[in-house]
1. Rg(Cα) of region A:225-350 divided by 2.2 N^0.38 Å?
2. Please identify, among A:G250, A:G70, A:G139, the residue showing maximal mean-square fluctuation in a Gaussian network model of chain A using a 10 angstrom Cα cutoff.
3. Starting from 0.36 nm per residue, how many nanometres of slack lie between A:R242 and A:S188 once their C-alpha separation is accounted for?
4. Over its Cα atoms, what ratio of radius of gyration to 2.2 N^0.38 Å does chain A give?
5. Carbon and sulfur: what percent of chain A's accessible surface (1.4 Å probe)?
6. Per the helix-only calculation at 222 nm, which mean residue ellipticity applies to chain A, given -39500 (n - 2.57) for every DSSP H run of n ≥ 4 and division by its residues, nearest 500 deg cm²/dmol?
7. What size of dipole, in debye to the nearest 20, comes out for chain A about its Cα centre when the only charges are +1 on Lys and Arg C-beta atoms and -1 on Asp and Glu C-beta atoms?
8. Sequence-distant or interchain residues sharing an amide H contact under 5 Å with A:L56, placed H: which?
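The values are calculated or read from the model by the stated rules, or taken from the named source; none is laboratory data. What you are looking at is a predicted structure, and each value in this text was computed from that prediction instead of being measured. Glycine gets a Cβ as well: all are built from the backbone with ideal geometry, and neighbour counts include every protein chain shown. Protein only, heavy atoms only, side chains kept; ligands, DNA and RNA dropped before computing areas. Shrake-Rupley method; radii C 1.70, N 1.55, O 1.52, S 1.80 Å.
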Amino acid sequence: MTDTTLGQPRLKHQKQDRSKDSITSTATAFILAGATATGKTAVAQILAEQMGCSILSADAMLVYKGMDIGTAKPTVADRGDIPYAGIDLVTPAEPFSTGRWIESATSVLKAFGQQQPTTGTHTVTPQGKPSLIVVGGTGLYIKALTDGMQSAVAPPGIREKWQLVFDHSGISGLQSELRQRAPEAFASFPDPSNPRRLLRALEQLETMGTLPGQWKTNSASATTVIVLSLPREQLHRRIARRVDQMFQTGFIEEVRALRKAYPVWSATAAKAIGYEEVCALLDNTLTQEAAREKMIIRTRQLAKRQETWFRHQTQAHWLMLTEHDTPHAIAERVYELWRHYGPTTIHIPG
RNA sequence: GGCGAGGUAGCUCAGUUGGUAGAGCAGCGGACUGAAAAUUCGCGUGUCGUCGGUUCGAUCCCGACCCUUGCCA
């Protein structure tokens, strides 16, 4: 089959990377990405059923238990018999991070790694061998998976320390701290007015002695992610429709119940699109029409940022869709592309 | 119908003592290494309601008209 010949150079390339890092094992997965509301969840479900795969969600908001309607999480009925990982990992009261997601993903991959051949013939559906579909819109999670994120858990207190610097002396405080510690790195810092990145850079510098730089495995050229995309105007229409559906299917009630169960939410969960607005609605600081409007706008802006990420940060094959394409038809096209590219090899850390 | 206020970017508005105009939001593009649905950077020509008048020159002053809005009838 043509799959294997196409897959060959990639495998060689990745084996080289593997030797210079202390990565012990690999797994393979098919990766499906795309902006929010492009329909990737339904497509992944169909493909998982047809191929006998499990699904690993790469989405920063599906990790929260109970945040279902507003995150467009597939329902239990939607999921059928397909095992899902990467969802319902923590409560909205707990903070979450990319690191925690990788941790969780790693344990999933380990289970799959043992069942997968590391080299040789990869077919799209290895007979009798369950395979993994990674689906999601959080580009950083996918890239962390495919390219290997430098790992270091900062000891508690360090971020707080730098946060304090920021609170007291603002962005210029962080800038001068970084300039002092790493002048040449600061000079070429990509966006020096971004407090998050400055803060994280200082945190990492203190913890690991290095700044964020090279990805661990430079396999971007070998990884092909399928990205679903709709024309902007059609996507905007779908977003508006989906937000209205959320309200019609009890979104406000969901948020009300969640607040009762968890009076205080983590900073990450509290910023979720829709949840922030409906909380404001319940606090009477926003009308329902204003909440709806704001949700639609924020979702559109998210979608735009997601597409920017996939355009520039991942080796992607874009699948241009129309709103008239059915999930089954899309699934068929994705399947063909997966046949063509073969699965992506993922290095499992540890 | 009378009196007042207003009609400027997709929206909300600022402004020009007359030399053809700029903010916020939206939109578009970019960045992104453990907060990522986060955070952050860049991009502003639009018959200044319409038609006349005054003027070297009008979006600005004057007149008429159209539309919106408030109060009084």
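1. Dividing the Cα Rg of region A:225-350 by 2.2 N^0.38 Å gives 1.33.
2. A:G250
3. Separation in residues times 0.36 nm, less the Cα-Cα distance, equals 15.3 nm.
4. With N residues counted in chain A, Rg over 2.2 N^0.38 Å equals 1.04.
5. Solvent-exposed carbon and sulfur of chain A make up 53 percent of the total.
6. -16500 deg cm²/dmol
7. So the dipole magnitude of chain A works out to roughly 520 debye.
8. Placed amide hydrogens put A:A85, A:I133, A:V134, A:V135 under 5 Å from A:L56.
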